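Engineer: The structure that follows is given in the form of structure tokens.
The values are calculated or read from the model by the stated rules, or taken from the named source; none is laboratory data. Note that the structure is a prediction, hence the values are computed from the model and not measured. Using ideal geometry, Cβ is built from the backbone for each residue, glycine included, and neighbour counts are taken over all protein chains shown. Surface accessibility is based on the protein's heavy atoms, side chains included, excluding ligands, DNA and RNA. Shrake-Rupley method; radii C 1.70, N 1.55, O 1.52, S 1.80 Å.
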Amino acid sequence: MVSDVHGNARDLARAGEGADALICLGDLVLFLDYADHSRGIFPDLFGTENADLIVELRTARRFEEARELGARLWDGIGADRASVIEKAVRKQYAEMFAAFPTPTYATYGNVDMPPLWPEYAGPGTTVLDGERAEIGGWTFGFVGGGLRTPMRTPYEISDEEYAAKIEAVGEVDVLCTHIPPEVPELVYDTVARRFERGSRALLDAIRRTRPRYALFGHVHQPLVRRMRIGATECVNVGHFAGTGKPWALEW
């Protein structure tokens, strides 16, 4: 089980060794590495100094200034933003999907671009969003994407649309999402020093349907990685880009 791969194709190629299946909870793309500002699409286009500055602004929650900086930088290169980003994302997706073992079950993260996935997902990779799959005799539900934030990442959706996908999944043994339930200890990032957005609908579903596990990523350095909510073990499976180590679920 991996999440927040963010360009780590090398370790991803080994992540499924010894496992019956690999599950990926999204964020394959690396736009900007907050630990190493020289890595990602943003510094490739605009340089490390500008990456340092935009991280500083975002960390200070000065989102409007960060957007203004981004707009000035894009104006400076005089290129179509969407096509430049898509070209860079396609290059990363080619590497990421080629590294997936068979079988892989995957859902989207908030920085992913879902319309591109069908072009890269081979026959051994099953993409699910608001859907279920049987794996080893257990029922797994998958809900991808994130909720809307001032960061305006590519795959952010409304609370209502997200809740509808949670409802469509229904009762499962393992509920797999990119973002965590809305619990302060699970959504606070201790390095970024901010609360990320978790889902109230997900929290309500965990309490109502009582899956064995609720598994997620998104928060790279959470205050708490694991806690029980009623009968459910809730686990942040880790920031794979940083650790290179998958989290194993055995039954």
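Engineer: Between a residue in the stretch 222-237 that is farther than 14 Å from VAL174 by Cα and at pLDDT 95 or above and any residue that is open to solvent by 40 Å² or more (accessible area, probe 1.4 Å) and outside any loop (DSSP other than H, G, I, E, B), which pairs come within a Cβ distance under 8 Å, given they are 6 or more apart or on different chains?
Structural biologist: PRO222/GLU185; PRO222/TYR188; LEU223/PRO184; LEU223/GLU185; LEU223/TYR188; VAL224/GLU185; MET227/GLU185; GLY230/ARG207
Engineer: When you go through GLY109, GLY136, GLY122 one by one, which is the residue that is touching a residue at least 24 places away in the same chain (Cβ under 8 Å) and within 17 Å of the chain's Cα centre (by Cα)?
Structural biologist: On inspection, the qualifying residue turns out to be GLY109.
Engineer: Do we find a residue being farther than 22 Å from GLY242 by Cβ, of a type in the set (Lys, Arg), open to solvent by 40 Å² or more (accessible area, probe 1.4 Å) and in contact (Cβ under 8 Å) with a residue 40 or more places away in the chain anywhere in the stretch 186-202? Explain how you work it out, then say what you get.
Structural biologist: In the first step, residues of the stretch 186-202 are kept if they are farther than 22 Å from GLY242 by Cβ; the result is 199-202.
Filter once more, keeping what is of a type in the set (Lys, Arg): 200.
Right, trim to open to solvent by 40 Å² or more (accessible area, probe 1.4 Å) and you get 200.
Imposing the further condition that a residue be in contact (Cβ under 8 Å) with a residue 40 or more places away in the chain reduces the set to 200.
Yes - at least one qualifying residue is present in the stretch 186-202.
Engineer: Additional query: Pick out the one residue from GLY16, GLY7, GLY40 that is within 15 Å of THR153 (Cα to Cα) and surrounded by fewer than 22 Cβ atoms within 10 Å (Cβ to Cβ).
Structural biologist: Unique residue meeting the criteria: GLY40.
Yes or no, residue by residue, for (1) over 23 Å from TYR213 (Cβ atoms); (2) under 11 Å from the mean Cα position of the chain (by Cα):
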site	(1), (2)
GLY145	no, yes
THR149	yes, no
ASP159	yes, no
LYS165	no, no
ALA168	no, no
VAL172	no, no
PRO181	no, no
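Engineer: Would you tally the residues in the stretch 88-99 being farther than 9 Å from ALA9 by Cβ and open to solvent by less than 20 Å² (accessible area, probe 1.4 Å)?
Structural biologist: 3
Engineer: Among the residues of the stretch 79-91, is any modelled with pLDDT of 95 or more and either among the aliphatic types (A, V, I, L, M) or within 16 Å of the chain's Cα centre (by Cα) (or both)?
Structural biologist: yes
Engineer: Give the number of residues within the stretch 106-120 that are closer than 25 Å to ASP20 by Cα and either open to solvent by 40 Å² or more (accessible area, probe 1.4 Å) or among the small types (Gly, Ala, Ser) (or both).
Structural biologist: Pass one, the stretch 106-120, residues closer than 25 Å to ASP20 by Cα: 106-109, 117-120.
With either open to solvent by 40 Å² or more (accessible area, probe 1.4 Å) or among the small types (Gly, Ala, Ser) (or both) added as a condition, the list becomes 106, 109, 118-120.
Residues in the stretch 106-120 being closer than 25 Å to ASP20 by Cα and either open to solvent by 40 Å² or more (accessible area, probe 1.4 Å) or among the small types (Gly, Ala, Ser) (or both): 5 in total.
Engineer: Going through the stretch 140-165 one residue at a time, which ones are in contact with an Asp or Glu (Cβ under 8 Å, 6 or more places away or on another chain) and surrounded by 17 or more Cβ atoms within 10 Å (Cβ to Cβ)?
Structural biologist: PHE140, GLY141, PHE142, VAL143, GLY144, GLY145, GLY146, LEU147, PRO154, TYR155, LYS165, listed by residue number.
Engineer: Considering only the stretch 164-174, how many residues are among the aliphatic types (A, V, I, L, M) and out of contact with any Ser or Thr (no Cβ under 8 Å at 6 or more places or on another chain)?
Structural biologist: Adding up the residues that qualify gives 3.
Engineer: If VAL174 satisfies every condition in (1) open to solvent by 50 Å² or more (accessible area, probe 1.4 Å); (2) aliphatic (A, V, I, L, M); (3) closer than 17 Å to VAL2 by Cα but one, which is the exception?
Structural biologist: Single failed check for VAL174: (1).
Engineer: Taking the criterion of being within 30 Å of THR209 (Cβ to Cβ) and either out of contact with any strand residue (DSSP E or B) (no Cβ under 8 Å at 6 or more places or on another chain) or of a type in the set (S, T, N, Q) (or both), would at least one residue in the stretch 79-98 satisfy it?
Structural biologist: The first filter runs over the stretch 79-98 and keeps only residues within 30 Å of THR209 (Cβ to Cβ), leaving none.
Checked against the condition, which is being within 30 Å of THR209 (Cβ to Cβ) and either out of contact with any strand residue (DSSP E or B) (no Cβ under 8 Å at 6 or more places or on another chain) or of a type in the set (S, T, N, Q) (or both), the stretch 79-98 yields no hits at all.
Each row is one residue, and each column tells you yes or no for (1) modelled with pLDDT of 95 or more; (2) under 21 Å from ARG61 (Cβ atoms); (3) in a loop (DSSP other than H, G, I, E, B); (4) in contact with a His (Cβ under 8 Å, 6 or more places away or on another chain).
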site	(1), (2), (3), (4)
ILE166	yes, no, no, no
GLU171	yes, no, yes, no
CYS176	yes, no, no, no
LEU186	yes, yes, no, no
ALA192	no, yes, yes, yes
LEU203	yes, no, no, no
ILE206	yes, no, no, no
LEU215	yes, no, no, no
VAL219	yes, yes, yes, no
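Engineer: How many residues does the stretch 1-59 contain that are part of a loop (DSSP other than H, G, I, E, B), more than 21 Å from ILE135 (Cβ to Cβ) and over 20 Å from the mean Cα position of the chain (by Cα)?
Structural biologist: Going through the stretch 1-59 one residue at a time, the tally reaches 2.
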